[in-house]
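The values are calculated or read from the model by the stated rules, or taken from the named source; none is laboratory data. Just so it is clear, the model here is predicted, and its values are computed rather than measured. In this analysis, Cβ positions are derived from the backbone assuming ideal geometry, glycine residues included, and neighbour counts consider all displayed protein chains.
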Amino acid sequence: MSNWVQVKGIVKKGYGVASGKSGNPRFPQGTIEIQKPFFSELGVKLDQYFSGTINLSISPHEYEIINAKYTCKNLQWLPDNPAEDFSFFDCRIRRDTGEVLDGLIYYPHPETKPEHFQSADILEIITTYVNDLKYGDELILEVDSQQINIY
């Protein structure tokens with residue numbers, strides 16, 4: 001695909017809710033693990049990916065949504081919470097080891113998810129488990145410019 005653009009990013013500490021590392025008793029296994037079957041019913045297959053996100057700061061850059069690969073609107077994944085909208089975008093991450101991992105940008109729409117606000121320079125990446133990834137590591141993020149714009 002010739003629409004891939006690259007941007008450097010730094011791995012940042014997130015809330016830990018997606019992976020279950022936050023210790024939140026409502027989501028001991030993490031929100032991604034709970035959401036996977038709901039996404040799967042809508043055609044978004046995440047089984048090959050780790051149930052958590054890499055929070056990647058692309059500062060000083062920010063991003064703009066153009067056209068998501070998948071959008072799940074009005075998803076009621078928790079019975080006692082309001083429904084939420086989610087979008088997903090193709091991406092790849094390149095490590096300084098030469099490793100390239102396919103993944104998806106996970107985007108809970110902020111207008112339907114008031115808590116766990118993300119800064120405008122943070123993208124949440126879902127990919128396979130990366131054993132030795134640390135906060136502060138630099139990654140190259142590749143995105144499809146027809147899906148998401150980096151500026």
Checklist outcome for this item: Condition set assigned to a strand (DSSP E or B) and touching a helix residue (DSSP H, G or I) at 6+ places or on another chain (Cβ under 7 Å), scope region 69-85, selection nearest to LEU104 (Cα to Cα): answer is CYS72
Checklist entry - PHE38: in contact with a helix residue (DSSP H, G or I) (Cβ under 9 Å, 6 or more places away or on another chain) and either surrounded by 13 or more Cβ atoms within 10 Å (Cβ to Cβ) or assigned to a loop (DSSP other than H, G, I, E, B) (or both), yes or no? => result no
Checklist entry - Is there any pair with a first residue in region 132-151 that is under 21 Å from THR71 (Cβ atoms) and at pLDDT 95 or above and a second that is outside any loop (DSSP other than H, G, I, E, B) and small (Gly, Ala, Ser) whose Cβ atoms are under 7 Å apart and which are 6 or more apart or on different chains, and what are they? => result LEU141/GLY9
Item to check | Residue, nearest to PRO37 (Cα to Cα), within region 60-112, restricted to residues that are buried (at least 16 other Cβ atoms within 10 Å of the Cβ) and among the aliphatic types (A, V, I, L, M) | outcome: LEU75
Checklist entry - In region 104-151, what residues are assigned to a loop (DSSP other than H, G, I, E, B) and of a type in the set (Val, Ile, Thr)? => result THR128, VAL130
Next on the checklist: Which numbered condition in (1) more than 14 Å from the chain's Cα centre (by Cα); (2) at pLDDT below 90; (3) of a type outside the set (D, E, K, R); (4) surrounded by 15 or more Cβ atoms within 10 Å (Cβ to Cβ) is the only one that VAL7 fails?
Outcome noted: (2)
